[in-house]
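Right, one structure below, let's go through it.
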Amino acid sequence: MSASSFRDYLFAPDHPRVAEIRGLDAREYAEAATRDSFAGPMIEGWKKLYPQPFKGITNNGVLRPGLFPLAPARAGEEAPTPEMAAAARKLLDALTPGQASRLGYAVDAPEWQSWANPEFMQHDTGLRLDELDAPLRDAVFAVVEASLSPAGFELVRNLMRINGFLGELVELPLLMNEFSYNFALYGEPSETEPWGWQLFGHHAALNCLVVGTQLVISPVFMGAEPDVIDAGPYQGVVVFKERIALARGLMAALPAELRAEATVYESMVDPAMPEGRLHPGDERHLGGCFQDNRVIPYEGIMVPDMPAEARTILDAVVEDFIAYLPDGPRAARRREIQERYSETFFSWIGGWEGEEAFYFRLQSPVVVLELDHHTGVFLSNDAPAPFHMHTVVRTPNGNDYGRALLKQALAGS
């Protein structure tokens, strides 16, 4: 797709896409979405997936054991557990009893799997931030900030700000605003016992579990429509430009034959794609909400076959994807991913030059990283565009939600 501005694709205010839902709040729209011709079938499909007991994403349907041992983190890889627990306790102290009962779940509760990334609220898990007063929201954000790197926290907040910007653009601020997100706690905040938190809403979802000094933040969904704020108090916010440039650079660094082998489909909507490869909401990415048990076969080329220049760029791509993690857990995650490069596959869909839209996936026994350019949802572009993207981080073989660590911790207790 040639270079264009997202503003070229704004719906007219009276267009049915936006006019028919204007004035609905999040709870009213949650009901209306079930009857929508686009959202309704997606919701029905997800309803069938949500109750399934958690197993984990695999490449062949068989969990690979022993990948995620529960042990004290290595020196320099420790989680900021004391700071996280302190922030969470301050949040709990600020809640009313009714709020506390809605916010908290058992550490192994199935509600972990209720997160979703669309603008409609399918599961009302935890507390809704736009229904809280500012001091309580700040206490929630303090928990998130204590668990992430500074860059990661800023990215999450910028995605929320972009959501608010989009809501103002299309005059749907009740549905899409800076705080239209749910937050929940799992377990009791502790320096030693497992507990965690979850934040999810339109284009931002993070699931964080800490066990002593080990931290897992996965699944992670981050996206944006559009990818820039060009007016208002947050003018100048831009997201994912470096990640996209690195991905294009990686493809450019591959020899032509490897680039062709990595490209599993030449077009973003390719006639060669089998039925079901394109999802109406997820489009090409495979690890989105309610896909906790999906089988995702390996595709493309293997990392050891890449030339040195491409592997260097790949390291930078990985670093950009995991930059939300604080220093210690980021070092642990980087090591965990790089140690499995010999078993890691890279695949691509679409073009890679100029402003062409694309999808790519990096997949190994310990990680799935995806980026997918999308068509418009609240913009009118009917072809994937670089100003609307979804990104996904998954930990396959059972450690999404830190579940592999949690099982060991609960068994040991």
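Nearest 20 debye, what's the magnitude of the dipole of region 26-147 about its Cα centre given +1 on Lys and Arg Cβ and -1 on Asp and Glu Cβ?
So the magnitude is around 500 debye.
Using the Cα centre as the reference, give the magnitude of the dipole from point charges on the C-beta atoms of the chain (Lys, Arg: +1; Asp, Glu: -1; all else neutral), rounded to the nearest 20 debye.
That gives the chain a dipole magnitude of about 980 debye.
Would you be so kind as to identify which of Trp352, Phe387, Gly281 lies farthest towards the positive end of the dipole of the chain, taking Lys and Arg as +1 and Asp and Glu as -1 on Cβ and the Cα centre as origin?
Gly281
Give the peptides 219-226, 119-126, 292-299 in descending order of average Cβ contacts within 10 Å, highest first.
219-226, 119-126, 292-299
On the protein heavy atoms, probe 1.4 angstrom, tell me the percent of accessible surface of region 297-413 carried by carbon and sulfur.
49 percent
Here are labelled values, (1) 1.14; (2) 0.98; (3) 0.94, and one is the computed Rg/Rh (Cα atoms, Kirkwood Rh) for what I pasted. Which one?
The calculated read-out lines up with (3).
Amide H to amide H under 5 Å from Phe358: which residues, 5+ apart in sequence or cross-chain, H placed 1.01 Å off N in plane?
When sequence neighbours closer than 5 places are left aside, the close amide H contacts are His373.
Whole number please: convex hull volume per residue, Cα atoms of region 206-277, in Å³.
216 Å³
Rounded to the nearest 500, what is the chain's calculated 222 nm mean residue ellipticity when only DSSP H runs of at least 4 contribute -39500 (n - 2.57) each, over all residues?
-10000 deg cm²/dmol
Ranking request for peptides 45-52, 401-408, 249-256, 67-74: highest mean number of other beta-carbon atoms within 10 Å first, then the rest in descending order.
Result, highest mean Cβ count within 10 Å first: 401-408, 249-256, 67-74, 45-52.
I'd like the distance between the alpha-carbon centres of region 1-59 and region 78-147, rounded to an integer number of Å.
24 Å
Taking 0.36 nm per intervening residue step and subtracting the Cα-Cα distance, what contour gain separates Glu193 from Ala94 on full extension?
Here the answer is 33.4 nm.
Please compute the contact order of the chain in relative form: average sequence separation of alpha-carbon pairs under 8 Å and at least six residues apart, divided by the residue count, as a percent.
For the chain, the relative contact order is 23 percent.
Please report the spacing between the Cα centers of region 308-334 and region 167-204 in Å, no decimals.
25 Å
Once you charge only the Cβ atoms, +1 for Lys and Arg and -1 for Asp and Glu, what is the size of the charge dipole of region 132-206 about its Cα centre, to the nearest 20 debye?
I would put it at about 200 debye.
Mean separation of Cα pairs under 8 Å and 6+ residues apart, divided by the residue count of region 86-176: what relative contact order is that in percent?
31 percent
Could you work out the relative contact order of region 371-413? I mean the mean sequence separation of Cα pairs under 8 Å and 6+ apart, divided by the number of residues, in percent.
29 percent
On the protein heavy atoms, probe 1.4 angstrom, tell me the percent of accessible surface of region 136-187 carried by carbon and sulfur.
Accessible surface attributable to carbon and sulfur in region 136-187 totals 56 percent.
Using a 1.4 angstrom probe on the protein heavy atoms only, line up Ser37, Ser347, Ser342 by accessible area, largest first.
Largest accessible area first, the residues go Ser37, Ser342, Ser347.
I'd like the accessible area for Met306, computed on protein heavy atoms only with a 1.4 Å probe and all protein chains in place. Round to 10 Å², please.
It works out to around 0 Å².
Averaged per residue, what accessible area in Å² does the chain show with a 1.4 Å probe, protein chains only?
Computed with neighbouring chains in place, this is 39 Å² per residue.
The values are calculated or read from the model by the stated rules, or taken from the named source; none is laboratory data. Given the structure is predicted, the values throughout are model-derived calculations rather than measurements. Cβ sites come from the backbone with ideal geometry, for glycine too, and all protein chains shown count toward neighbours. Only protein heavy atoms, including side chains, enter the accessible area calculation; ligands, DNA and RNA are left aside. Shrake-Rupley method; radii C 1.70, N 1.55, O 1.52, S 1.80 Å.
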